[in-house]
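A quick write-up on the structure given underneath.
Just so it is clear, none of the values below were taken in a lab; they were calculated from the coordinates. Because the structure is a prediction, the values reported are computed rather than measured. Cβ coordinates were reconstructed from backbone atoms using ideal geometry, including for glycine residues, and neighbour counts include every protein chain displayed.
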Amino acid sequence: MRVAIIGFGGIGRGYAAYLTAQGHEPVIWSPSGAALADFAGDASLTVTGKLETAVPLRVARDCAEAVAGTEVVIVAVQANGFKTVLDALAPHLVAGQSVIISAHCSFAALHLHRLLQERGVDVPIAAWATTALTARKSGPRSVHVSGIRAKLDVATLPVRHAQAGLDACRALFGDRFEPREDVLAIMLSNLNPPAHVANMLGNLTRAERGEDWPNYGSITQGVGRIVDAMDVERLALAGAFGLSVRSVQDHYVHSFGVAPGPVGEMAAAVYRNRPELLGPKTLDTRFITEDVPFGLVPLEALGQVAGVALPLHQAGIALFDAICARNFRAENDLLPALDLGRLSAVQLQRELRGD
């Protein structure tokens, strides 16, 4: 299958390696242009970790070239690049193609759906709750794939194309996908923001000083209680929309196979199995710069629409505004374009289903 991968950080590189190994034909478009510079000529991508190989790469000069003739387009950029990339992508999509957003942040699928509606183009937009694998760029022409997820939640906008979206995901990455009700359920299933925000708060000076600290090993009982309390707010918000989503305990059991209990105890069990996973050594990390504006802020917006109070989520936004001397609400460039304030909870949910 011919596949366009939009974005060429660690995840995009990992997808290119995985899909090539599965017999597919990925073509890369790097919005920054870095891929063209790194892979000029006949250079190949060196892959280590869960995959040990070297794969040839086809790199497109622009978005139009990447998308032309492909069956599936995978968007794999950081959240602060979603709007720019989706605005560039929308004019080139045509009927018969499918889009995968990996991993879905904020209201990215809704933004793309609206852009396509303006053109009269109707395609499945599959939204993933997280990435299909974990990977990091390990050099100019290399990537280290540290994990491939066994299970992954997915929903498709519009929901009438749910089967087509699921089929596209499975054709590329196998039978690892669990369908959810709609994109709103995917948004409310993203557990990175509360976990990352709580852990950064508990280890703020260690990150700021560039110290080594274990990611899961630093989720102490107190940090875990913050995650637990934020999870109560998230689950209440899901309930206000009539949705049932996994609790943070369910997530740990589902993803790591540890026994259920308080988050602090579950994280300690993960740490015993994965002690090599370190926390960020800077405040300029996606744990803050992505998970606050594109994780906590959208949930705050949903809470305002549904009339559900999220005091800990709002406190997290305010604290990191102060810590980083930034306005993280203003850094989410998707929300202003969507004008959610004019919608009721029922209207918003209908839009997120494509009804």
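Each of residue 78 and residue 259 was given a label point 7 Å from its Cα along the Cα-to-Cβ line. The distance between the two points is 4.0 nm.
If R0 is 22 Å, the Cβ-Cβ spacing of residue 286 and residue 164 corresponds to a FRET efficiency of close to 0.10.
What are the lysines whose alpha-carbon lies under 21 Å from the alpha-carbon of residue 50, with same-chain residues fewer than 8 places away excluded? Filter leaves 137, 151.
Under a straight-distance cross-link criterion of Cα-Cα below 20 Å, which aspartates and glutamates are reachable from residue 83, leaving out those fewer than 8 residues away in the same chain? Correct list for residue 83: 62, 65, 118, 122, 290, 291, 300, 331, 333, 339, 351.
Please report the base-10 log of the normalised intensity I(q)/I(0) for the chain, using a Debye sum with one equal scatterer per alpha carbon and no solvent, at each q in 0.08, 0.12 (1/Å). For the chain at q = 0.08, 0.12 Å⁻¹, log10 I(q)/I(0) is -0.37, -0.88. Within the chain, the whole DSSP H helices whose Cα atoms reach 27 Å or more along their own axis and whose mean Kyte-Doolittle score is at least -1.0 are 221-240.
For a paramagnetic label modelled at 7 Å from the Cα of residue 43 toward its Cβ, which residues of region 133-153 fall within the zone defined by backbone nitrogen distances under 16 Å? Taking a point 7 Å out along Cα→Cβ of residue 43, the residues of region 133-153 whose backbone N falls under 16 Å are 137-144. Set the Cα radius of gyration of region 208-257 against 2.2 N^0.38 Å, with N its number of residues, and you get 1.44.
Here each label is just a point 7 Å from Cα along the line to Cβ, and for residue 118 and residue 1 those points are 2.9 nm apart.
With the Kirkwood sum run over all distinct C-alpha pairs, region 109-218 has a hydrodynamic radius of 16.5 Å.
If the chain linking residue 211 and residue 278 were pulled fully straight, counting 0.36 nm for each residue of separation and taking away their Cα-Cα distance, it would gain 23.1 nm. Using bins of 10 Å that start at zero, the share of Cα-Cα pairs per bin across region 22-92 amounts to 17, 47, 32, 4, in whole %.
Taking the chain as a Gaussian network of alpha-carbon nodes connected by springs under 10 Å, the highest mean-square fluctuation of the residues 278, 45, 112 belongs to 278.
Nearest-5 percent of antiparallel DSSP beta bridges in the chain?
Details: 15 of 40 bridges.
Percentage antiparallel, nearest 5: 40.
Beta-bridge orientation, region 110-258: approximately 75 percent antiparallel, per DSSP, counting only bridges with both partners inside. Rg over Rh for region 9-58 works out to 0.93, using Cα positions for both radii and the Kirkwood form for Rh. Distance between the C-alpha centres of region 69-124 and region 263-294: 29 Å, rounded to the whole angstrom. Computed over region 1-135, the alpha-carbon pair-distance distribution with 5 angstrom bins reads 2, 11, 22, 25, 21, 12, 6, 2, 0, each value a whole percent. Hull volume per residue, based on the alpha-carbon atoms of region 199-315 and their convex hull, is 98 Å³. Note on region 252-355: Cα-Cα pairs beyond 20 Å make up 57% of the total pair count.
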